[in-house]
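To start, the structure under review is shown below, and the notes come after it.
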Amino acid sequence: MSGILYLIPSPIGSIKEVDYLTQSNTEILQNLKYFIVESEKTARAFLHYCGHNLDDNLNFIEYNEHNFNKINIDDWLKILKSNNSIGLISEAGTPCIADPGSEIVLRAHLNDIEVYPFAIPSSITMALMSSGLNGQKFSFHGYLDKNVNKLRQQIKILERESRLSGYSQIFMEVPYKSQKIFDLLLNTLKSDTFLCVAAELNTSEQFIKTKQIKSWKNFQVELNKKRCIFIFQNKNYF
C-alpha cells in the first residue's frame, strides 16, 4: 500500500492567513512526517503556525530552482511506496503553479500514487476574478522571457493573440522587476488595451486596478519589490 502525496499551499501574504485550511486538512498536515519544500526555514514556520509539533522525526528535502538536478525523486517515491505520506509545500501560494513540484506529481501518477490537493489560495485566480477581464478564456504564461527585447516582442505577440481570440493573458514576475515590467507594458501595449495589476494579494498592502494603458499613463503607482500578477486583454469596451 502506498502513501499519499499531499499538495499543500502556503499563505500568499502573512503566515497568519491560513484560514483557507479546513479542519481535516489541518489534521492531515499535523500528522505528516515527510515534506518536500522550497525552503525548510519558511516551511517550518508555516507548520508551526498550523499546530505541527515539529518533533525530531520530521524529514525535509528542499526542492527549488537551485537544486532541481541534484534531487533523486526515486528516493521519495520509495518513501511513498512504503505507506508513508509526503507533503509538498510551496514557498508562497500553490505547488506546481509557477512553483516547483510538477515533475514530482507526474512521477507519483506514473507510479499509481494518490495525489491529494489541499484548498488553494491562488494569487492567479484571485487576480483574474478581480480584474474584470475574460475569466472564461485565458492563458497563463508563468514568467516571461528575461531578455528585454525578446520580452517586448513576446508581449506584442500575446496582445495580438488576445485581440484575435479574446483571451486574457496572465503572467507574473519576481518582485524586484515588477516596476520595470509595468513600465515596459505601458510602453509596449496599445493605448486601448486593458491592463490589470494585482499586487501583494491577501495582504494589508493589497492593490488591484484595471485600466486601459492610456489611463495608466496618467496614474502613479509604486510597484518596486512588490509581488505582482499582470493581466492584459485587448478588447472592445462595452
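The values are calculated or read from the model by the stated rules, or taken from the named source; none is laboratory data. These numbers were taken from a predicted model, which means no experiment stands behind them. For neighbour counting, all protein chains shown are included, and Cβ atoms are generated from backbone atoms with ideal geometry for every residue, glycine included.
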## Note on the structure
Every listed condition ((1) crowded, with 18+ Cβ neighbours inside 10 Å; (2) under 25 Å from P11 (Cα atoms); (3) in contact with a helix residue (DSSP H, G or I) (Cβ under 7 Å, 6 or more places away or on another chain)) holds for F182 save (3)
## Note on the structure
Output for Cβ contacts, cut-off 7 Å, separation at least six or different chains, first residue assigned by TED's automatic domain parsing to the domain that holds S39 and in a helix (DSSP H, G or I) in the range 1-28, second surrounded by fewer than 18 Cβ atoms within 10 Å (Cβ to Cβ) and modelled with pLDDT under 90, reads N25/A119; T26/C50; T26/G51
### Message
Please go through (1) among the basic types (K, R); (2) in contact with a Gly (Cβ under 6 Å, 6 or more places away or on another chain); (3) closer than 20 Å to R227 by Cβ for K137 and return the number of the only condition it doesn't satisfy.
### Response
(3)
### Task
Consider only pairs whose beta carbons are under 7 Å apart and that are at least six residues apart or on different chains; among these, list those whose first residue lies in the range 218-229 and is without any contact (Cβ under 8 Å) to a residue 40 or more places away in the chain and whose second residue is loosely packed, with under 12 Cβ neighbours inside 10 Å and part of a strand (DSSP E or B).
none
### Message
Given the criteria out of contact with any Cys (no Cβ under 9 Å at 6 or more places or on another chain), assigned by TED's automatic domain parsing to the domain that holds Y20 and at positive phi, does L58 qualify?
### Response
no
### Query
Can you find a residue in the range 46-53 that is touching a helix residue (DSSP H, G or I) at 6+ places or on another chain (Cβ under 8 Å), under 28 Å from Q169 (Cβ atoms) and exposed (fewer than 14 other Cβ atoms within 10 Å of the Cβ)?
no
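Okay, residues lined up against (1) assigned to a helix (DSSP H, G or I); (2) at pLDDT 95 or above; (3) in contact with a Lys or Arg (Cβ under 6 Å, 6 or more places away or on another chain):
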{"site": "I79", "(1), (2), (3)": "yes, no, no"}
{"site": "D112", "(1), (2), (3)": "no, no, no"}
{"site": "T125", "(1), (2), (3)": "yes, no, no"}
{"site": "H141", "(1), (2), (3)": "no, yes, no"}
{"site": "L151", "(1), (2), (3)": "yes, yes, no"}
### Among (1) surrounded by 21 or more Cβ atoms within 10 Å (Cβ to Cβ); (2) farther than 23 Å from K225 by Cα; (3) not assigned by TED's automatic domain parsing to the domain that holds I229 - the single one P100 does not satisfy
(2)
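Conditions tested, residue by residue: (1) free of Cβ contacts under 8 Å to residues at least 24 places away in the same chain; (2) crowded, with 17+ Cβ neighbours inside 10 Å; (3) closer than 26 Å to N218 by Cβ.
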| position | (1), (2), (3) |
| --- | --- |
| I113 | no, yes, no |
| Y116 | no, no, no |
| S122 | no, yes, no |
| Q136 | yes, no, no |
| H141 | no, no, no |
| E159 | no, yes, yes |
| Y167 | no, yes, no |
| F194 | no, yes, yes |
| V197 | no, yes, yes |
### Candidate set: the range 31-45, residues that are aliphatic (A, V, I, L, M) and crowded, with 16+ Cβ neighbours inside 10 Å; chosen: the one nearest to the chain's Cα centre (by Cα)
V37
### Query
Looking at E91, E103, which is the one that is part of a helix (DSSP H, G or I) and modelled with pLDDT under 90?
E103
